[in-house]
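The values are calculated or read from the model by the stated rules, or taken from the named source; none is laboratory data. Model, not experiment: these values are computed from the prediction. Cβ: placed from backbone, ideal geometry, glycine included. Neighbour counts: every protein chain shown. To get the accessible areas, we keep the full protein, side chains included, count just its heavy atoms, and leave off ligands, DNA and RNA. Shrake-Rupley method; radii C 1.70, N 1.55, O 1.52, S 1.80 Å.
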Amino acid sequence: MEFLSRSNTSAEPSPASTPLQAAQKKASGIGISGLCGHLHHHVVRSDSHASISTMAATHQNQLQNQLQNQLQNQPQHSPADSTSPDTLNNSVRSVQTLSAPLDSSILALAQTDELLFGGTQSGSIHAWRRSTFRLVHTIQAHAAGCLALAVDLQRRVLFSAGGDGRVRAWDADSLEPLYDVYAAEHSGAVLALAHFADEDRLALGCQNTSVQWFDVGRRGEADSGLAAREMAARRSRFFDADAAAAPAVAVCTASPAVVPAAQGAPPPTMVAGGRPAYVVDSGGVHAFAHSGFVYSVIAGRLPSGEPALFSGGGDGAIHVWTGVGGPSKLHKAATLRRGNAGGSESDGDDDVCVHALALGADGLLFAGLQSGAVEVWDLETMQLIRELAGGNGRRGSGSGSGSGAEASVFALHVSRGCLYAGDAAGRIRVWCGDLQPLGSFDGGAGAVLALAGTHDEVAAGGSGIGVWDTSAVVAEGGIGGIGDGALGIGTDIGAASCANPAPAPNTSDARLLHALAQWVRLRSVAGVPELQPECRRAARFLRDLAHQLGAADSRLLAGAPGANPLVYARFDASDARFAEDAPTVFVYGHYDVMPAGDEAQWATRPFELTGRDGFLYARGVTDDKGPVLATLFAVAALAAAQALRVAVVFCIEGEEERGSTGLHAAVAHHRALFGVPRLVLLSSAYWLGEATPCLTYGMRGAIRATVRIESSRAADVHAGVWGGAVSEPLACLAHVLARLADGAGRVLVPGFHDAVRAVAPAEAQAMRALVRWITANEASAPLVARCAAAGRAPEDAQARLYAQLMQRWRFPTLTIHHVDVSTVAARSNATLVPAAAQATLSVRVVPDQTLDDIAAKLTGHIRAVFAETVAAEPALLDALALHLDVQPVANWWLADPQTPVFKAAAKAIRDEWAADASGAPSEDVPLLIREGGSISAVPWLEAFFAPHAVAVNLPMGQSSDNAHLDNERISLENLMRGRQVVWRLLKDIGEVI
């Protein structure tokens, strides 16, 4: 297996020593297909390979100089350069930007239903899972650039073409290598690639101006002796500067290990590594097909239905080849001639270099040119009927022309009635079905060197990969004249017909992501008067979305006076009407978020959903808007499929970050709306690490306190004048705070630990087993890595991690958060004695402490210490007063993970995360964990709906999600799988509750 370690992908490519290598280095600016946009006149027809090689050496320096000039002359795109005055930057939505672990530019893109493939200038292929944009494979495919990709969806084969002069076949699911096909001798780089699915044939566009084809389906009949002789003699690629230094291709004689030869045929030649290798023989070569490099070949059909190959090159010519399905050589059926639109013959114009081709419906062929224009050809009449938005405006015709800076078109893509053209300036121009310009948008990854996509998404390759939701563009202009004729935008949520009543939701549900993008734009920060309208808009958004997704009832419930409303939604069971005494699932969550803080610390805009390398970034995306929407869409999918066996009620509040003000009163007042909850479901917790799903069964409680000490004087005084003669509130506060906990953090409040439940042997054993598991399986998780760095041996690291988790989850703590003084001047002026000082602190409580008892003990201890401190002071000119506010916020919560509901939740997690793994799911997954934080609603809801309600906290986020911090994020995979975990749990929950 030729997989690369991710840690090695940062290596810089070696200095260019050949024109091909120079071409690869320039990819960050204009792409491999722009290598010789003006150089087709340097490649002359000759029957002598030697003369070609001599000519190549002569022109090598000139080629690199012209390449550099082309890079420098590529224009910078500005909004005024767009095809239409109205750009599409506000119409398309960025889904993801993929940049890690790329060490070089993306030159080619391809995709299956499951994977997105990117071929790079360094020769590697990266594969991302399309549903989550998680990188799943990285392989070193070619020695000198991966220049083209093609997929055989029927046989599940990915083909890659490279600068090393070969085509490689890979299993499209695992990227295991299958076999190699070498271009004919002296072909140079394979610049373009196409696959005919019905005929199972490959077409190659080569650097030596040839078009070649190889019958993949009959490869077992190839002459293995010819392949062995040619490969053994081959020591250099076309245009290599040092042929003697290039290694020969290894030839093995072992029988094929992957793809067997045809019955009765000799075994194929093998390359090192045990893969069968084949060579395109002379019968599969059409030499000098173009008078320049062959940049593009595409497979398609003529209006008559006959399969055909279309090729475009540096000479500006576009050839049509037939005979694809027959035993004979390809036949050049036609050459498309210009002069039929715009009134001038263009074959001799350097700007007519054809970099990209694409086929549309109704017999249209599109050609992307060096000039920035896109030609439209009618394949029935073989005429050029239109040019779209020529970059220099010289040959545009009709409404399709327009002024703009020259920017070569390197990639074309047709999808759902729209044509997309990616250019060297980094923009993607779009035309609708009647070839009217819709506008352009920034591809987001430098020069656009490759395009791919299906349905409502377009991927653009360059310095990285940008994936765009173009559904708004399709809705506006896709009328079927260009592409596949599809109409409208899919709005289903994963439901199917009753014949398949409970399908799993589609993990690539763009509607969920679109809703999340809209929701996070609303700055729903509770407690900020200026943002209260935003909070109400966020509440109304969720109410309306629930209604659109099929909720039987959705409304706003009044919270406390001046507080944000609650959102109520109900999805009825598929086979029963809702009643006040009906068993229900109660879904709890919140739509209020923490302030963004210092936005300069964010790598993205905090209230704009941004996808990067498989993660979604925005405030609230993991706490708690993302999990709330995931749960809502899971429930809606079950309801739409008539597979919801229990009514589900949502209660999503807008004051959680401020202590759930008004929640208790609202739920109690509207008690009849919620039925009889048997399960209280929420997702407001995080995994212990990064890769292992968890299930939370316990959280600590919380008490908040404010300690303020004031002097009887009204203002600050100068220390040089009054120091020693007046009381000092800050010094007194420091004495009080110092008596709350010792240097090791142990709380010094008398009786504080009396009620703490003792650690049972079974509990300690389970915690040690958890520590061993997470240390062995997630060494890179932040907490595990920190403990390992601090310990000298693995045993030390495990001991530290055990102590850390026990302290975070199992034992009570006291934390001082903030200390302040009376005035702004006192904070900055080192000569003042402040008139008042204040501290905020919190206490986390655990079983079996009670909030009232700990609050009373904390209050008594602070008052006693204050009294001792004041009594010890000499007689001063003013007195000190203590103002103490101690507020219980949340009780602790501890569930039994062995109950049927918890076991059902664990099974749902285990089944979902094992869905794409081989073998049976591990019984160690999910990890049973506790949280050090607090959610006041959870223990209250359990108690209010007692005795039947059981709360389950399903974490969707990872330990690195940065909730409440800058750069808050959630993994797209975790979000989508979290939705499916909820779907799995609720699909069968009627059997448990």
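Descriptive notes on the structure:
- Unit Cα scatterers, Debye sum, the range 914-985: log10 I(q)/I(0) for q = 0.16, 0.25, 0.27 Å⁻¹: -0.84, -1.29, -1.31
- Per-residue SASA entry for Glu530, accessible area with 1.4 Å probe, Å² rounded to 10: 140
- Computed over protein heavy atoms with a 1.4 angstrom probe, the accessible surface ordering of Ser304, Ser471, largest first, is Ser304, Ser471.
- Local charge for Gly217 was computed over the other residues whose Cβ lies under 14 Å away, with Lys and Arg +1 and Asp and Glu -1, and equals -2.
- Selected from Pro847, Ala879, Ala836, residue furthest toward positive end of dipole (the range 819-908; charges at beta carbon): Pro847
- The figure for Lys903 is an accessible area of roughly 110 square angstrom, using a 1.4 Å probe on the protein chains alone.
- Proximal aspartates and glutamates to Lys987, defined as alpha-carbon separation beneath 18 angstrom and excluding residues fewer than eight positions away on the same chain: Asp572, Asp575, Asp911, Glu912
- Values of log10 I(q)/I(0) for the range 712-865 across q = 0.14, 0.16, 0.19 Å⁻¹ run -0.85, -0.95, -1.11, by the Debye formula with one identical scatterer at each alpha carbon and no solvent.
- Summing charges over neighbours of Val938, with a neighbour being any other residue whose Cβ is under 14 Å away from its Cβ, gives -3 when K and R count +1 and D and E count -1.
- Using the average count of surrounding beta-carbon atoms within 10 Å as a protection proxy, the listed peptides 119-131, 456-468 rank, highest first, as 456-468, 119-131.
- Largest-first ordering by accessible area, 1.4 Å probe, given options Arg863, Arg713, Arg523: Arg863, Arg523, Arg713
- When all protein chains stay in place and ligands, DNA and RNA are ignored, the 1.4 Å accessible-area order of Leu545, Leu730, Leu531, largest first, is Leu730, Leu531, Leu545.
- Using C-alpha pairs below 8 Å separated by at least 6 residues, the relative contact order for the range 833-980 is 20 percent.
- Here's the list of aspartates and glutamates a cross-link from Lys857 could span, going by alpha-carbon distance under 14 Å and ignoring same-chain residues fewer than 8 apart: Asp754, Asp885.
- Peptides ranked, highest mean first, by Cβ atoms within 10 Å: ranges 810-819, 158-167, 92-101: 158-167, 92-101, 810-819
- For Lys907, the aspartates and glutamates whose Cα comes closer than 14 Å to its Cα, not counting residues fewer than 8 places off in the same chain, are Glu923, Asp924, Asp988, Glu991.
- Take 630-637, 276-283 and order them by the average number of nearby Cβ atoms within 10 Å per residue, most first; the result is 630-637, 276-283.
- For Glu306 and Gln807, the FRET efficiency from 1/(1 + (r/R0)^6), where r spans their Cβ atoms and R0 equals 60 Å, is about 0.20.
- Nearest-0.05 FRET efficiency for Asp885 and Ala914, computed from C-beta distance (R0 41 Å): 0.25
- Near Leu449, the amide H atoms lying under 5 Å from its own belong to Gly461, Gly462; only residues 5 or more places off or on other chains count, and H is placed 1.01 Å from N.
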